[in-house]
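Here the structure comes first, spelled out in structure tokens, and everything after it is commentary.
The values are calculated or read from the model by the stated rules, or taken from the named source; none is laboratory data. Quick caveat, the model's predicted, so the values are computed rather than measured. All Cβ positions, glycine included, derive from the backbone under ideal geometry; neighbour counts span all protein chains shown. What goes into the accessible areas is simple: the full protein's heavy atoms, side chains included, and nothing from ligands, DNA or RNA. Shrake-Rupley method; radii C 1.70, N 1.55, O 1.52, S 1.80 Å.
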Amino acid sequence: MKTEKIVASRRTLITGLASAGGLLLAGCSKELPPTYGNILRMGDLLTYQSQRLLLPSNSLAKEYARRDISSIPAIGNTNPADSHQQTYNAARGATYEHLRAGGFADWRLSIEGRVARPGTYSLTDLQRFPSRTQITKHTCEEGWSAIAEWTGVQLRRVLEAAGMLPSARFVNFYAFDDTADGIDMHDALHPQTILAYGMNGRELPVPHGAPVRLRVETQLGYKSVKFLQRIVVTNEFDDLGKLGPLQNGWSWYVGI
Amino acid sequence: MPPGQTQQIPSRPRHARWVRISHWIIATGVVTLAVTGFVILMAHPRLYWGAAGNDLMPALLELPISRNHHHGGWERSIPFSTAAGSAVSAVRTYDILNENSWGRSLHFLAAWFLVVTGIVYVAAGICSGHIRRHLLPRAGEFTPRLLWQDLVGHLRLDNPLATGGRPSTGAAPYGLIQKSTYLGVVFLALPMMIITGMAMSPAITAAFPFLAGMFGGSQSARTVHFFVFAVLVLFVLVHVLMVILSGFKRQIRAMTLGN
């Protein structure tokens, strides 16, 4: 297991405070999730900005011992190739079926947007990066939680390899089903935010997002997008239309 | 007391304007939090003790409050290892009742109103002397005899205004049990709700792990959150009952218009 030393340097602190101040002043620019004039989304925005302002940055979520690993339900979409699933997409579902039959050898993760070197990564490419293994708690918005071990590559390493541009602010994740979600750069660069290909010492099982899923340990479970297909780095906030949480009535930021 | 002297009770102070405003903001917040909290609980009406808990693990308590209570259909459990007692995973095969999209956001919106107003209330209450003069029991007031008298008076449903106020309190209009209850709600129950609420947040507990740690884990905090909720619901019911018994119209007017 690789341990990460977290250095909360003065510079990150100053940058953090400055960007938090910027967030407060930003008003209705596209640097924040939209409220659509909806009071619930205004409350979500207040929670988001308050947490960014008041919580120390880069705190690590608690990591557990192997004996703490618990049973874990698989919910939401548990197989993108299954047409009975609520978020089924016929075209991507068929592609997923084909990739799975081939043991995901032909699976490629595309990295696009505000990066100097857009490109695709195979499972082997991702496994060539230094790996990180963490035993963390998955907290579902429904109210339950489960502890599992996740192995993968830090998202930060992949973004750096792709040459993320300094103006980039958000990272958006598209899945093989009809879902997508995004996180801000604060969470994207967090040491425990990983692209996980392993779970509890094995390959990531299909119901939990094979071949690769996102793990965001400082937010609720639904932000940890399963069945990753495409990552798009943006300067401006993108609500991801019908694929994203916002237009389906869900909060975009769920650190609470 | 001879008849006619009940008119002397105007020594009863009026509720200050800031007390009236904060009372109704907090009351609205508590009711909203209770309703949305119940909606959130309906999505997963099982309580646990410890860090983790889910449908594949034993519950401390299962509440029969939504169809999710039956925790429906699951595909075959698949163990992660061949070791005895290995953790398992299973695919859920039923659609659960889940109104958390608006339920959660409204819960936290109401929590913001409650927290901000609560801080203003406590600060103003300390600075103005409201808490010291009206809520803190006075020296010599906290005796078993007076407590017993107050309890008996409550059980007899005596109207304190009809009997000329409680003997021990002088000008202060609140009885001993009433004062203790208000203090308990303001300084114990509501802060406990906020702390156990934050102990469930992944971002807050990453920054301050002791918040979950002091309850033995986020699921324990969730269970405590539920039981304090039950205590607060009981408080609201008794509080409203007492308002009705002591003159609903007059009490509501006192807490809104201040007279």
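Would you be able to say whether some residue in region A:137-156 is under 16 Å from A:R114 (Cα atoms) and away from chain B (no Cβ under 14 Å)?
Yes, because at least one residue in region A:137-156 is under 16 Å from A:R114 (Cα atoms) and away from chain B (no Cβ under 14 Å).
I need the full set of residues from region B:232-252 which are modelled with pLDDT of 95 or more and open to solvent by 90 Å² or more (accessible area, probe 1.4 Å), in order please.
B:L234, B:L237
Where in region B:201-247 are the helices (runs of 4 or more DSSP H), entirely inside, with at least 2 residues that are within 29 Å of B:L155 (Cβ to Cβ)?
So the answer is B:218-245.
Tally up the residues in region A:77-99 that are touching a residue at least 40 places away in the same chain (Cβ under 8 Å) and surrounded by fewer than 18 Cβ atoms within 10 Å (Cβ to Cβ), please.
Summing the residues that are touching a residue at least 40 places away in the same chain (Cβ under 8 Å) and surrounded by fewer than 18 Cβ atoms within 10 Å (Cβ to Cβ) in region A:77-99 gives 4.
For region A:99-121, does any single residue satisfy the condition of being assigned to a helix (DSSP H, G or I), of a type outside the set (A, V, I, L, M, F, W, C) and either modelled with pLDDT of 95 or more or closer than 30 Å to B:Y48 by Cα (or both)?
yes
Mind listing just one residue for me: the one in region B:81-101 that is in contact with a Phe, Trp or Tyr (Cβ under 9 Å, 6 or more places away or on another chain) and of a type outside the set (G, A, S) and, of those, surrounded by the most Cβ atoms within 10 Å (Cβ to Cβ)?
Here the answer is B:N100.
Going by what's in this entry, would B:I65 be described as β-branched (V, I, T), in a loop (DSSP other than H, G, I, E, B) and open to solvent by less than 40 Å² (accessible area, probe 1.4 Å)?
no
Does region A:68-92 hold any residues that are within 10 Å of chain B (Cβ to nearest Cβ) and not acidic (D, E), and which are they?
A:I69, A:S70, A:S71, A:I72, A:P73, A:A74, A:I75, A:G76, A:T78, A:N79, A:H84, A:Q86
Return the pair list, or none, for Cβ contacts closer than 6 Å from residues in region A:29-56 that are facing chain B (nearest Cβ under 8 Å) and under 19 Å from A:F170 (Cα atoms) to residues that are open to solvent by 20 Å² or more (accessible area, probe 1.4 Å) and at pLDDT below 95, at least 6 apart or on different chains.
A:T47/A:I256
Output the residue which, of all residues in region B:86-119 that are assigned to a helix (DSSP H, G or I) and touching a Pro at 6+ places or on another chain (Cβ under 9 Å), is nearest to the other protein chains (Cβ to nearest Cβ).
Ranking the qualifying residues of region B:86-119, first place goes to B:S101.
Out of the residues in region A:221-244 meeting the condition of being in contact with a helix residue (DSSP H, G or I) (Cβ under 8 Å, 6 or more places away or on another chain) and open to solvent by 10 Å² or more (accessible area, probe 1.4 Å), tell me which one is farthest from A:G93 (Cα to Cα).
A:D239
Name the residues in region B:120-147 that are loosely packed, with under 11 Cβ neighbours inside 10 Å and assigned to a helix (DSSP H, G or I), would you?
Within region B:120-147, B:A123, B:C127, B:P144, B:R145 qualify.
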